[in-house]
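S.K.: Dropping the structure in here first, questions after.
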Amino acid sequence: MDDVRVGIPRALLYHEYAALWTTFLSGLGAEVVVSDPTSKTILDEGVKAAVDEACLPVKVFYGHVLDLCRKGVDYIFLPRVVSVERRAFSCPKLLGLPDMIRHNLRPFPYLIDETVNLSRKPRQLYGALWRVAAPITRNPLRIAQAWRRATKAHAEFQDRLRCGYIPGIQAAGASGGAIFTEMGRADAAGAPGLTVAVIGHSYNVYDRHISLDIVSKLRQWGVHVVTADMVPHQLVQEEMERMPKDLFWSTGRRVLGSAYYLLRSRAVDGLVHLVSFGCGPDSLVGELVQRRAARLRTTPFLLLTLDEHSGEAGLVTRLEAFMDMVGVARR
Ligand code: SF4
């Protein structure tokens, strides 16, 4: 069973779980094939194949699955991630993704679409690991070792993100230096020049094509860039505990909590929020962040809505105007 080729779409939750998934599957003995970075072809194919109501990241996901179909994989790894923490869940589009893909794309390799729901039943994970491994190996020792290595790789990946590593933009392993501590030091790393936060779903911020490479553009202008992953989990949690009502979308919590923290602590000179057209959670979180920024009036704020028609020229114009505003506010 060692020749099984398993494809992983380089989209959506891959941007958070790349190290975990690739280490686990290759540790089981599979040949792991990751789709190419998002390109115009992948985006166009995804837009054509997806249902009209889908958000941009889901459309891009379709394009990555088609890319893997061309690469001739035996299986596509598409876990149905319902929840990875207590009382917080993935959005409905992520929950329905395996069904949408199976229904819309045919003929099609087999899906490994095991459900992961750790909200109430953390022990459910062990059964899920066994079932994911089944097409590749049934050796319990090998499964346990692969999982141990995978969780270690995931923890290291998370640490690098916190220290300023931006996947897809920096060389793997490089980091930009620690920014915040658990105690909430908010001096923007003491970096010279301006510091701007680019906040949004990891699959928007870390995908250079979707984000129109906004992080690289800011860096070319000498701006120090901060992402939501650089804000420690504890600070995000504290911000969320101040909310009158709990927000139960996992990715929305991280975006909202980190944005609130950065605004309240004045840790950055400007804040850019990337939202996806067609995203229900973003429409709420975007509104909340925008209102908080307007109320506090401490940090220039820019909301950018991304869709398949977003053009680079328009983005650069808006970004230049925003950076002028950030520069004036800093003086
Ligand atoms: S959270 Fe929004 S952008 Fe992400 S998959 Fe769900 S609808 Fe799409």
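Nothing in this text is a laboratory measurement; each read-out follows from the coordinates by a stated rule. What you see is a predicted model; the values in this text were computed from it and never measured. Note that each Cβ is placed from the backbone with ideal geometry, even for glycine, and that neighbours are counted across all protein chains shown.
S.K.: For the chain, what is the convex hull volume of its Cα atoms per residue in Å³?
M.R.: Details: hull volume 42.9 nm³, N = 331.
Residue-normalised Cα hull volume stands at 130 Å³.
S.K.: Related question: Can you work out the Karplus-derived ³J(HN,Hα) for every residue in the stretch 3-11? Use 6.51 cos²θ - 1.76 cosθ + 1.60 with θ = phi - 60°, whole Hz, and x for glycine or proline.
M.R.: 3J(HN,Hα) across the stretch 3-11, in whole Hz: 9, 5, 9, 10, x, 10, x, 7, 7.
S.K.: Something else: With unit charges on the beta carbons (Lys and Arg positive, Asp and Glu negative) and the dipole taken about the Cα centre of the stretch 5-159, which residue among 46, 58, 83 sits farthest to the positive side?
M.R.: 83
S.K.: Among 249, 286, 325, which residue has its Cα furthest toward the positive end of the charge dipole of the stretch 167-330, with +1 on Lys/Arg Cβ and -1 on Asp/Glu Cβ?
M.R.: So the residue furthest toward the plus end is 325.
S.K.: To make sure I understand the rule: partners must be aspartates and glutamates, Cα under 16 Å from the Cα of residue 48, and not fewer than 8 residues away in the same chain. Which ones qualify?
M.R.: 67, 307, 308
S.K.: Hey, what's the Cα Rg ratio for the stretch 167-330 versus the globular rule of thumb, 2.2 N^0.38 Å? The partial results should precede the final answer.
M.R.: Working: Rg = 14.8 Å, N = 164, 2.2 N^0.38 = 15.3 Å.
Normalised by 2.2 N^0.38 Å, the Cα Rg of the stretch 167-330 equals 0.97.
S.K.: Could I ask something else about it? Would you list which lysines come within 23 Å of residue 152, measuring only between C-alpha atoms, while excluding same-chain residues fewer than 8 positions from it?
M.R.: Residue 152 reaches 121.
S.K.: Same structure again: Normalised by the residues of the chain, what does the relative contact order come to in percent, with Cα pairs under 8 Å and at least six apart?
M.R.: Working: 561 pairs, mean separation 54.9, N = 331.
Here the relative contact order equals 17 percent.
S.K.: What is the diffusion coefficient of the stretch 5-159 in µm²/s, taking the Kirkwood radius over Cα pairs and the Stokes-Einstein relation at 4 °C with a viscosity of 1.567 mPa s? Please report the intermediate quantities before stating the final value.
M.R.: Values: Rh = 15.9 Å.
Diffusion coefficient, whole number: 81 µm²/s.
S.K.: Nearest 5 percent is fine: what portion of the DSSP beta bridges confined to the stretch 5-159 is antiparallel? Please list the in-between numbers first.
M.R.: Working: 1 of 13 bridges.
Here the share of antiparallel DSSP bridges comes out near 10 percent.
S.K.: Calculate one ³J(HN,Hα) per residue across the stretch 225-234 by plugging θ = phi - 60° into the Karplus curve 6.51 cos²θ - 1.76 cosθ + 1.60, and present them in order as whole Hz with x for glycine and proline.
M.R.: 9, 10, 10, 4, 5, 7, 8, x, 3, 4
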